[in-house]
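Novice: Pasting a structure here, questions to come.
The values are calculated or read from the model by the stated rules, or taken from the named source; none is laboratory data. What you see is a predicted model; the values in this text were computed from it and never measured. Glycine gets a Cβ as well: all are built from the backbone with ideal geometry, and neighbour counts include every protein chain shown.
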Protein chains: 4
Amino acid sequence: MKKILIINTGGTFNKVYNPLTGNLDIEPKGDALKSIAEHWLTDFKIINIIEKDSLDINEEDRELMVRTIKEHREQTIIIVHGTDTMDKTAKYLNFAKLEKKIILTGAMVPYSINPIEATANFASAYGYINAVDKRAVYIAMNGVIKDYKRVIKNKEKGYFEETQNNNP
Amino acid sequence: MKKILIINTGGTFNKVYNPLTGNLDIEPKGDALKSIAEHWLTDFKIINIIEKDSLDINEEDRELMVRTIKEHREQTIIIVHGTDTMDKTAKYLNFAKLEKKIILTGAMVPYSINPIEATANFASAYGYINAVDKRAVYIAMNGVIKDYKRVIKNKEKGYFEETQNNNP
Amino acid sequence: MKKILIINTGGTFNKVYNPLTGNLDIEPKGDALKSIAEHWLTDFKIINIIEKDSLDINEEDRELMVRTIKEHREQTIIIVHGTDTMDKTAKYLNFAKLEKKIILTGAMVPYSINPIEATANFASAYGYINAVDKRAVYIAMNGVIKDYKRVIKNKEKGYFEETQNNNP
Amino acid sequence: MKKILIINTGGTFNKVYNPLTGNLDIEPKGDALKSIAEHWLTDFKIINIIEKDSLDINEEDRELMVRTIKEHREQTIIIVHGTDTMDKTAKYLNFAKLEKKIILTGAMVPYSINPIEATANFASAYGYINAVDKRAVYIAMNGVIKDYKRVIKNKEKGYFEETQNNNP
């Protein structure tokens, strides 16, 4: 298989319940991805950076993602990201003209609460980016996997869908 | 997204525990795939045929798969199949020259016992077959996704791996 | 078995993840208890009242619990309750001199996130209250099951423990 | 709490899926009980002996249980046991006149496949044996917790129920 780099930036995908506070906190060490790797009998190269809710991700964080992608020789990248600003980060990465195959994914429900959606999103991103030819920025959520311009979050319904209108 | 047809033929992927007998039986109605679809907030066209351990799959069953693929207009097919003879079925389908994109997947552990591996195998197959260009027969197991000739089951270790030697 | 009445008042035990808001909300219909009953191959008489975090439970709510216990003929009662004020409610019920066997239980982790602790707390309360002779108010948490005066929550460590000092 | 000794003898409770053979094997080290203890934030004294399906448990095994109970000073004992001959072992222990509080429990579904029933059975046994006064042999399954003479397995329906007729 192609060497893939996985960049983990936080988001719902990585949240875990904290019994002392009753809150859901972002687990910073990538335990969710490690658990998928272990059960899937596979192995990943994972880098944990940022560890934020995507609403808190700022220009600096996006610049760090660009830098991280440039610094690594892998040509195929999966980014685990919160869902609320996944489209903004995708756009930012597209404008950076990185000339790599990049796919963003995440989850509406934390892996630690119910692993099915998070696992399916991640694995579908993995399958897609392994097969796709064109160097571009993609989003993989809820079985919708396209160039980022064609995928939007439906915030009322709580899932992603295909759009005919390009993201601005 | 492309219209995908999912053909469910049984195998470990679909096994469930029967408390009355203590055995693991193949659930015939595709509950595992329906559960993935529900949690993944997506929808599939699923056909349940055969419902067998792959060791029991015979030439007649493989001919039924060929016929089912021909009878449906979908050009992109995922087959959920037991792991022991997944390679034989792949070869059979390849020789049938169906001129469609076909990917076989399954699980080493039943979805009902632990859903991670089964979900990841299925979703990675889904992602791959959505992106791949060439009409051929593929296998997706444990993160190894290739033309079926390049993937074999390591029976001692209990997972699939890439092979440099073509399947005979 | 003795007829047992289960009074469900909310708390962490009943929380479920809301993907639209990212919050944990109290599920009001007792789905967690119904799920335990179904998997345990048993049946309960459940009344859902109040549906609150225990920090929000007030005198009026406690009076409603007293009234509910009086109005029902069952002599054996399990109350599912949030953990933060479980001791206050126990004391209130004790002062009401209800002359029934009453046991309070709950969970540090929502049943929907990980069912083990919630199930074990509830089932241990069920076992205890079925066997105990003395009409009194008990607490069952984390394997500590005693007259409520002997059980306190250790808020730093996140579990309940036995105390030698009576609750005031 | 009273010191409790847990004697783990195998049975469905402890079975785990073996991906290499496709069989369910009895896990010999008590991982299921350790997992309950960990999630329940509690601690147990566990002894693993025998590790058998209850259909394979013979007189020698039952004699070993008697000896183990006698050798330990704990007066309160939980035995995790397969369901098919739980009644036979209970009768054997009763005839041994051990003068301790002994409760047998187990599961219809392995803890590793679905933890709810196994956890509820075990925790209800724990609660009951902590509260009961009379030194005798009890069974706790599916919410039915009684002197062993009053509990039988309904093999067609797959659960335990109360009987009015004493076990012979």
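Novice: Search the range B:1-25 for residues being of a type in the set (S, T, N, Q) and under 17 Å from D:Asn23 (Cα atoms), and hand back the single one that is farthest from the other protein chains (Cβ to nearest Cβ). Walk me through it before giving the result.
Specialist: Our first condition is that a residue be of a type in the set (S, T, N, Q); within the range B:1-25, this holds for B:8-9, B:12, B:14, B:18, B:21, B:23.
Pick out the ones that are also under 17 Å from D:Asn23 (Cα atoms) and you get B:12, B:14, B:18, B:21, B:23.
Values: B:Thr12: 7, B:Asn14: 13, B:Asn18: 9, B:Thr21: 9, B:Asn23: 9 Å.
The residue in question is B:Asn14.
Novice: Just for the range C:6-45: of the residues that are within 19 Å of D:Met141 (Cβ to Cβ) and among the hydroxyl-bearing types (Ser, Thr, Tyr), which one is nearest to the chain's Cα centre (by Cα)?
Specialist: Once the filter is applied, the top-ranked residue is C:Ser35.
Novice: Now, a different point. So in the range B:90-146, with the set limited to residues that are within 13 Å of another protein chain (Cβ to nearest Cβ) and of a type in the set (Asp, Glu), which one is surrounded by the fewest Cβ atoms within 10 Å (Cβ to Cβ)?
Specialist: Ranking the candidates gives B:Asp133 first.
Novice: Another one. Could you tell me whether any residue of the range C:83-102 is under 18 Å from C:Ala37 (Cβ atoms) and among the hydroxyl-bearing types (Ser, Thr, Tyr)?
Specialist: no
Novice: Mind telling me which of the residues B:Tyr138, B:Tyr111, B:Tyr128 ends up being under 28 Å from B:Gly22 (Cβ atoms) and modelled with pLDDT of 95 or more?
Specialist: Values: B:Tyr138 fails: under 28 Å from B:Gly22 (Cβ atoms); B:Tyr128 fails: under 28 Å from B:Gly22 (Cβ atoms).
It is B:Tyr111.
Novice: Scan the range D:56-101 for residues that are hydrophobic (A, V, I, L, M, F, W, C) and either in contact with a Ser or Thr (Cβ under 8 Å, 6 or more places away or on another chain) or in a loop (DSSP other than H, G, I, E, B) (or both) and report the count.
Specialist: Here is the first cut: in the range D:56-101, the ones hydrophobic (A, V, I, L, M, F, W, C) are D:57, D:64-66, D:69, D:77-80, D:86, D:90, D:93, D:95-96, D:98.
Imposing the further condition that a residue be either in contact with a Ser or Thr (Cβ under 8 Å, 6 or more places away or on another chain) or in a loop (DSSP other than H, G, I, E, B) (or both) reduces the set to D:57, D:65, D:78-80, D:86, D:96, D:98.
Residues in the range D:56-101 being hydrophobic (A, V, I, L, M, F, W, C) and either in contact with a Ser or Thr (Cβ under 8 Å, 6 or more places away or on another chain) or in a loop (DSSP other than H, G, I, E, B) (or both): 8 in total.
Novice: What pairs come out if I take residues in the range B:156-168 that are surrounded by 12 or more Cβ atoms within 10 Å (Cβ to Cβ) and pair them with residues that are at pLDDT 90 or above and in a loop (DSSP other than H, G, I, E, B) whose C-beta lies under 7 Å away, six or more apart or interchain?
Specialist: B:Gly158/B:Met108; B:Gly158/D:Pro19; B:Gly158/D:Leu20; B:Tyr159/A:Leu41; B:Tyr159/B:Met108; B:Tyr159/B:Asn142; B:Phe160/B:Asn142
Novice: Residue by residue through the range D:12-68, note down the ones that are at positive phi and of a type in the set (D, E, K, R). Give the derivation first.
Specialist: Taking the range D:12-68 and keeping what is at positive phi, we get D:22, D:30, D:41, D:50-51.
Within the range D:12-68, just D:Glu51 meets the criteria.
Novice: Okay, moving on. Taking the range B:11-25, which residues are buried (at least 16 other Cβ atoms within 10 Å of the Cβ) and either of a type in the set (Phe, Trp, Tyr) or more than 19 Å from B:Glu117 (Cβ to Cβ) (or both)?
Specialist: First, pick out the residues of the range B:11-25 that are buried (at least 16 other Cβ atoms within 10 Å of the Cβ): B:11-17, B:19, B:22, B:24.
Scanning the range B:11-25 gives B:Phe13, B:Tyr17, B:Pro19, B:Gly22.
Novice: Which of the residues that make up the range C:36-71 are in contact with a helix residue (DSSP H, G or I) (Cβ under 7 Å, 6 or more places away or on another chain) and among the small types (Gly, Ala, Ser)?
Specialist: C:Ser54
Novice: Being away from chain B (no Cβ under 14 Å) and buried (at least 16 other Cβ atoms within 10 Å of the Cβ): is that true of A:Leu55 here?
Specialist: No: the conditions fail for A:Leu55.
Novice: Another question, then. State whether the residues of the range D:148-165 include one that is in contact with a helix residue (DSSP H, G or I) (Cβ under 8 Å, 6 or more places away or on another chain), farther than 19 Å from C:Ala120 by Cα and at the interface with chain C (Cβ under 9 Å from one of its Cβ atoms).
Specialist: Among the residues of the range D:148-165, at least one is in contact with a helix residue (DSSP H, G or I) (Cβ under 8 Å, 6 or more places away or on another chain), farther than 19 Å from C:Ala120 by Cα and at the interface with chain C (Cβ under 9 Å from one of its Cβ atoms), which makes the answer yes.
Novice: Follow-up. For the range A:52-76, give me each residue that is in contact (Cβ under 8 Å) with a residue 40 or more places away in the chain, over 28 Å from B:Tyr128 (Cβ atoms) and of a type in the set (A, V, I, L, M).
Specialist: Selection gives A:Ile57 alone.
Novice: Mind checking whether some residue in the range A:39-47 is surrounded by fewer than 16 Cβ atoms within 10 Å (Cβ to Cβ), free of Cβ contacts under 8 Å to residues at least 12 places away in the same chain, more than 14 Å from chain B (Cβ to nearest Cβ) and in a loop (DSSP other than H, G, I, E, B)?
Specialist: Looking through the range A:39-47, none of the residues is surrounded by fewer than 16 Cβ atoms within 10 Å (Cβ to Cβ), free of Cβ contacts under 8 Å to residues at least 12 places away in the same chain, more than 14 Å from chain B (Cβ to nearest Cβ) and in a loop (DSSP other than H, G, I, E, B).
Novice: Tally time: how many residues in the range A:77-122 are at positive phi and without any contact (Cβ under 8 Å) to a residue 24 or more places away in the chain?
Specialist: 1
Novice: Which of the residues that make up the range A:26-38 are among the acidic types (Asp, Glu) and within 14 Å of chain B (Cβ to nearest Cβ)? Steps first, answer last, please.
Specialist: So the first thing to find is which residues in the range A:26-38 are among the acidic types (Asp, Glu), and the list is A:27, A:31, A:38.
Scanning the range A:26-38 gives A:Asp31, A:Glu38.
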